[in-house]
Structure formats: structure tokens, C-alpha cells
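Notes follow the structure.
The values are calculated or read from the model by the stated rules, or taken from the named source; none is laboratory data. What you are looking at is a predicted structure, and each value in this text was computed from that prediction instead of being measured. All Cβ positions, even for glycine, are placed from backbone atoms using ideal geometry, and neighbour counts span all protein chains on display.
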Amino acid sequence: MTYYRSHILVSVDPQSIAKGAYEIMDALQDELVKQGLIDEVQVLETSRIGDPELVGTDLMVYPESVHYVNLTLEDIPLLVEEHFLKGRVAQQFVLEEEEFVDEEMSAPQKKEIRVVLKNVGEIDTFNIEDYIARDGYMALGKVLTEMTPEETIQTVLDSGLRGRGGAGFPTGLKWKFIRNAEGNQKFMICNADEGDPGAFANRRVLEGDPHSVIEGMIIGAYAAGSSQGYVYCRAEYPIAVRTLNTAIEQARNFGLLGEDILGSGFSFDLEVRMGAGAFVCGEETALMASIEGKRGEPRPRPPFPAQKGLWEEPSNINNVETYSNIPQIIRNGAEWFASMGYKKSTGTKTFSMAGDVKNTGLIEVPFGITLREIIYDVGGGIKDDKKFKAVQTGGPMGGCLPEAYLDLPMDYEALAEAGSILGSGGLVVMDEGTCMVDIARFFMEFTQEESCGKCTPCRIGTRRILEILTRICNGKGKPEDIPLLRHLCEQINENSLCGLGKGAPNPVKSTLEHFLNEYEAHIYDKTCPAKVCRALIRFEIIDGICTGCTLCARNCPVDAISGERRKTHIIDPDICIKCGICEQLCPYDAIEIK
Amino acid sequence: MATEVKVGQDERKIVQELVQNHGNKKAELIPILQEINREVGYISDEAIKELSEKMSIPSSHIYSVATFYRMLSTEPRGRHVIQFCESAPCHVAGGRQVWQTLKRELGLLNGETSQDNKWTLITTSCLGVCGVGPVMIIDEDIYGNVTPDQVPGILENYE
């Protein structure tokens, strides 16, 4: 029996073959024979490694795990000489990280630790074997053959994993509850209704590594004693729905879903259910109502879903990211997971950065990292190097935090104390050009639209707040508006039925606390310090700078600008709609917003 | 992709086929409504009546579900539906100006359909592609990093 010291795996999918993969294989064999290495190095075929558009004909060399790309026949002798004779990586043929252009996720930055995002963008989503090649489903095998359901739950408890959907409830404890509950059938549900504006981590995991979620669910089902699961995925994510369905089918074909999984006697199957465009369906009881074919209206708890959930049976609901952590926790151990993080928040968390930051997109970092590090070190700082003003954390139910909070370590408790929430991990960064009253109004508009309407404090309270904020932004604010807003915030928070209502006042509350001066400027001075609120600003052409080039007048959509060539132009404030086109176009910066 | 509005007989047949394929359990209501919305362009009274009979669900319930979810429409829509993301990240990235430009170019307010039935303009909640905001979808085409001056050119692509 020949023992090879090295294996070369040549990618032979249809596209690579068209680019000459078989010729490359032959050339490799010939060269190895020539160099007397044919008994030491084996050349094999494999499925697609990299995107043929990017990497041409490519191959992997093991055990070093080097990925050589864009190879031509002429490259082969050199490659064999460098790598196999001299024992050096042939750098000129290796894939460079920067070639992969992804607007949402860069290569891992310093301070990042990718657990949930480990496979995203690096494997072929539509091929289960890629996932398996990276230790996929090993955790499931371990659990089914070496662990009892109770031991599985204990491992998850010891890891300290908390719900990544935002509530931060200990996952192990949730699984314990449903294990001990009584019912005819138990359901495992995955909340993939990521509706928070600014959050798209769940989407990337579902599109890039769906099996990590599926494996997590199967392990959870074993622990809970469940035989049927649902992934509730929002309809705005059609690609995720497709990747999920393909992954589920492939898992079934491999005996990883369905009857008698891996011959263990344990059976569990999974189905995708789609949403239809309702943010509130991210709330667990509303989600279950939606699966049942009803309006997505939350209901009071108790009874909690673990006792009475979907169709009144015990149900466990976890977020995409929570499930996605499970396989690695089982494989690497609870201590590994608990060794990362900060205080009671163990492990890592994905954050999606949006807004006025240089590097918008997804990152994954251990808990305990500060906001300053996230925004400046990982995010690259504020776009155009403007001044930081505030960051809104956790989605529309989160608060806006000013500069004083930049050194806050990110974890569930710290953010709650600061008047915000960790939520889904969305971060909206705002620079000096943002009006905080306008932002509060903006978030309230969203919440008002998405309120299910069932309970009065939320349905009517948010509408009243929105009316007041709109009046203020239009220059019609009154002094009594501020205490009224505070009162409304308190009432809505204390008396709403679900998390949407309870959290809806947070943007208003936090901006009132940290940016009261802006509210006062709007109400008392009828000005908008950030120059955003259209009713409170004026576009003016500066005499002395304006050259009369007429560019603005010609482009004004409402003909509000008049003037002769080479003479200072003037904007009529009564006609001007403040669209800002003139200010953007002026080549001399002669137009000012006052 | 434009949808043709099929009326009357066709709608009943579509509903019957859908119930046959999906089954008539209540849990199938929303998936079926999504398909009707996609095939017919909206959920008509005819469709609701037929669905009510076939699934033994009161039409009031079906109507309450159809009006609850944003992606389902009980009003006819134009040949091309423009959904503009109105959420904070897109707003902060310059979405406001794009929205103004859209409304002006089309002469439509939020939720309106043009006289010639070509366009329906609506806002949508976050589509989860915030890294490339401002974002809008026309039919099934996603446009990211949209600037106001790109708008007329984008609209010209549609008949």
C-alpha cells in the first residue's frame, strides 16, 4: 500500500473543465513522473473549490491546505518544483484575499473572531459536502452517539449561550423548559424574520451557511424531544428561502433529517414557512400565529411558548444566530465558548454596521468590545471624516447613544443600563449632519406602521408621539410637548402587550435625554441645528461668491431661482421645496443652508 | 417582471389549483395568498370568496389576514411595482433625496398607482441589504447605492 505524503485535489466541475482542468491534471501527472515524485504525491479529482469566474482552473494541496488558482499549463513545472521539490508555497499562484469583492463583508478585520460567520462566503452553499468537509454534522453525530439529551442541554447551559435575537435569555434554560413540558408533539422553531432595519447578519448566515442553523436545530430537537421543526423566514429574503430549502433537501438525502437520523432512532424533520411582510412577526407569539395562518398579533404570556406554543403545543423558538452557534459549542466544548466574551455575555455576536461609517457591513466580535473599537477600529471611522454624533443600537427598539458612551463595553446588561438594547446587533452610525429629532420621528414612523394594532397603548400612543414629533419638525412645537412626550413614553412602555410596544419609545426617550437641546431649538427657536428639517431651513445664495453661472437656476425643479447671467442669483423661499439639488450642483459652494 | 391581471374565471381556477396543491389546512392560508398575489397581482374579492369556500374559512378572516401583511395587496397594482426602502439606514445614507426624486419623476405619492396603470409606488420595510443603501426594488430587480440622478435612467428600463 502506497502512503502518499501529499494530495493534490483538482477542481473538476463543468466550468473548470471548460477552462482546461483535465489538461492541468495530465500536466501535473507528467511533471510528477518526470521529477520522480509520482509515488509520493497523488493527484485526485474534486468538486468545485472556488468560483471559476474568479479562480479559473484551481486546485488544493493537502496537508498544507494551499489553494492555487488561475493555473495555466506553463505554470505546472514551476509549481511542482517550488512546492513539492523545494517544499515552499508557490506564492505567485495563491489566491489573494482582496480579490473577493463583497460589499457586505470584508475579510476578517483585527479584533474579529468569526464563529457564526466562519463559513459564510467560503463554502458552496448549495453543496452539503462543503459543509461536511468543514466538520459539518460532526457535532450532530457526537450528540446522537455519545450524549444524552440532558447532557446536551447541560453543555449549552455551561457555555452561557444567550438568545441572539435580542432578549438574551439563556438558551440552555429554554431547552430545559421544553424538555420538561408536556404535550402531544413538541416543535422547534427558528426565527428567521430578521426585520430590524440595519440588521442582515441572519440573512448572510442563511444564504451562506444554512446547514449550521439546521444542524443546531436538529441538536436542539434531540435535546428537547421534538420531532418537527419550522424555519419562519421573512419573504423579503427569497434567496435565503431557496438556500434553506435546498439545504433541507440535501440533508434529508444524507439521512440527517427525517426518520431514524444516522441510524440513531431519533427522527426530526424541518420545513420552511414564509412570512408576508410584517415586522411584528419577529415577536415569538406573533410568529406562531402567522404560521397558524392568522394575523401576526402577539398574545399575553404566560403561558410561555415552551408550555403552550404552536397549535397549543410546547414550542421552542430561537434566533438563526443562536442555533448557528450550537454545532461549534458541541464540537469545541462549552469552556471554549465561555472563554470568549465579557461577564455574563459569553461568546461572540454579529454586528451589522450601517449609516455614516466608512466600512458598512457585517462583523463578528467577542462581547466586551467597546463601541469606539467597533466604529473606529473595525468600522474605519466616520465617512468623510466627519464628526461622530450618535449611534443607534439594536434596531428600532433601541436607544441613540451619544459620544459619552463610546467606551461602553458591548454586552446585554451594559446596553440595557445605558437606555438602549443589544437587540439584533444592528448599529446605525450618525454623523453631525443628522437631526436627532428627525431620527426619533423616523423610527417612530416605522414603529407606528408596523404596530399590529391590537393594544391601545401601542396603537394609539405611538400615533400621538408621531404627531407631536412631526409638528415639532415642522416648526409647530410647543413647550408642553416635552413633558407630554416623556409621559407618553412611560405609559406605552409600561402598558404594551409585546416587545414592539414596550421598546417603541426608546429612540424618543434616549434622544430626549441626550439631545434635549435639539428639541428645545426646534420648539423655542424654530431652528434645526443639524439643518435637516425642511420646514426650519432656508437655502440661500451667498452674494460675493455666486458667479451667476446659472447652473442652479437651470436645474431647479420648481423654478425657484432667478437671476441674470454673471449676476448673483436669488432663491425665492416661498417656492423653494428644499430638495437640495442646487446646493449639490453649485461648483463654487455659493449656496448655504441656514 | 410585469404581472397580467386575470379576472373572474381565471382567478377561481387559480385558487382551486392552489388549494389542491397546498391542501386546505388553515396554516396554508398565507402561502396560498402569497401565490395569488404573485399570479394575479393582487387579492381580489373573487379570489377571497372562492378561497373561503374551498378552505372553509370565513371570508372576514381571510380579508383580515390579507390586509394585515404588507406584501399582500387587496387593491389592483400597476404593471410595475416600485418598493422603496424607507428604513433608517437607507434614510441616513441619502435615501431621503432619492425618495423625493422618485415621487417627483413619477408624480405619485406613497401607495399610489399611475393613471396609465404603469407604476405603483410604495415604501417597504428593511430588505436586509443595508450595506448598499439606499435600496429600491422594481418588480424583482434590486437596485443598490441609488443616487437621485440615477432614477430617471432606471425608470426608463421599464415598458
Q: Hey, can you tell me all the residues within region A:318-365 that are within 14 Å of chain B (Cβ to nearest Cβ) and of a type in the set (Lys, Arg)?
A: A:Lys358
Q: Say whether the condition of being in contact with a His (Cβ under 8 Å, 6 or more places away or on another chain), touching a residue at least 60 places away in the same chain (Cβ under 8 Å) and farther than 21 Å from A:Pro303 by Cβ is met by at least one residue in region A:198-213.
A: no
Q: Select from region A:184-198 the residues that are of a type outside the set (Gly, Ala, Ser) and assigned to a loop (DSSP other than H, G, I, E, B) and list them in ascending order.
A: A:Asn184, A:Gln185, A:Lys186, A:Asp193, A:Glu194, A:Asp196, A:Pro197
Q: Check region B:113-125 and report whether any residue there is farther than 30 Å from A:Gly398 by Cα, more than 11 Å from every other protein chain (Cβ to nearest Cβ), modelled with pLDDT of 85 or more and crowded, with 20+ Cβ neighbours inside 10 Å.
A: yes
Q) Do any residues in region A:545-561 that are within 11 Å of A:Ile571 (Cα to Cα) have Cβ atoms under 6 Å from those of residues that are crowded, with 17+ Cβ neighbours inside 10 Å and among the basic types (Lys, Arg), where the two are at least six apart or on different chains, and which pairs are they? A) none
Q) Limited to region A:291-300, what total is found for residues that are more than 14 Å from every other protein chain (Cβ to nearest Cβ) and touching a helix residue (DSSP H, G or I) at 6+ places or on another chain (Cβ under 7 Å)? A) 1
Q) Somewhere in region A:264-272, is a residue within 22 Å of A:Gly501 (Cβ to Cβ) and of a type outside the set (Gly, Ala, Ser)? A) no
Q: Find the residue count for region A:552-589, including only residues that are out of contact with any Asp or Glu (no Cβ under 9 Å at 6 or more places or on another chain), buried (at least 16 other Cβ atoms within 10 Å of the Cβ) and either closer than 19 Å to B:Gln97 by Cβ or in the same structural domain as A:Asn474 (by TED's automatic domain parsing) (or both).
A: 8
Q. Are any residues in region A:109-148 assigned to a loop (DSSP other than H, G, I, E, B) and of a type in the set (A, V, I, L, M), and if so, which ones?
A. A:Ile113, A:Val115, A:Val116, A:Leu117, A:Val120, A:Ile123, A:Met147
(Q) Going residue by residue through region A:152-160, is there one that turns out to be of a type in the set (Asp, Glu) and either closer than 21 Å to A:Ile291 by Cα or over 22 Å from the mean Cα position of the chain (by Cα) (or both)? (A) yes
**Q.** Residue check for A:Cys190: within 14 Å of chain B (Cβ to nearest Cβ) and buried (at least 23 other Cβ atoms within 10 Å of the Cβ)
**A.** no
Q: Check every one of the strands (runs of 3 or more DSSP E) wholly within region A:27-102 and list those with 3 or more residues that are at pLDDT below 85.
A: A:41-46
Q.
Pairs please, first residue from region A:377-399 and farther than 20 Å from B:Cys126 by Cβ, second anywhere and among the hydroxyl-bearing types (Ser, Thr, Tyr), Cβ atoms under 7 Å, 6+ apart in sequence or on different chains.
A. A:Lys389/A:Thr434
Q.
Against the definition (touching a Gly at 6+ places or on another chain (Cβ under 6 Å), at positive phi and buried (at least 16 other Cβ atoms within 10 Å of the Cβ)), how does A:Gly398 come out, yes or no?
A. no
Q: May I ask you to verify whether B:Val81 is of a type in the set (Val, Ile, Thr), within 13 Å of chain A (Cβ to nearest Cβ) and more than 30 Å from A:Gly394 (Cα to Cα)?
A: yes
**Q.** Residues (under 16 Å from A:Ile468 (Cβ atoms) and either touching a residue at least 60 places away in the same chain (Cβ under 8 Å) or among the β-branched types (Val, Ile, Thr) (or both)) located in region A:516-527
**A.** A:Glu518, A:Tyr519, A:His522, A:Ile523
Q) With region A:199-271 as the region, which helices (runs of 4 or more DSSP H) entirely inside it contain at least 2 residues that are within 14 Å of chain B (Cβ to nearest Cβ)? A) A:201-208, A:238-253
Q: Only residues that are more than 11 Å from every other protein chain (Cβ to nearest Cβ) and among the β-branched types (Val, Ile, Thr): list them for region B:22-42, please.
A: B:Ile36, B:Val40
Q: Among the residues of region B:60-78, count how many are within 9 Å of chain A (Cβ to nearest Cβ), in contact with a helix residue (DSSP H, G or I) (Cβ under 8 Å, 6 or more places away or on another chain) and among the polar types (S, T, N, Q).
A: 0
Q. Of these, A:Gly501, A:Gly548, A:Gly544, which one is assigned to a loop (DSSP other than H, G, I, E, B) and over 25 Å from B:Pro148 (Cα atoms)?
A. A:Gly544
Q. For region A:381-461, which fully contained strands (runs of 3 or more DSSP E) count at least 3 residues that are within 12 Å of chain B (Cβ to nearest Cβ), within 21 Å of the chain's Cα centre (by Cα) and closer than 17 Å to A:Met353 by Cβ?
A. A:388-393, A:426-431
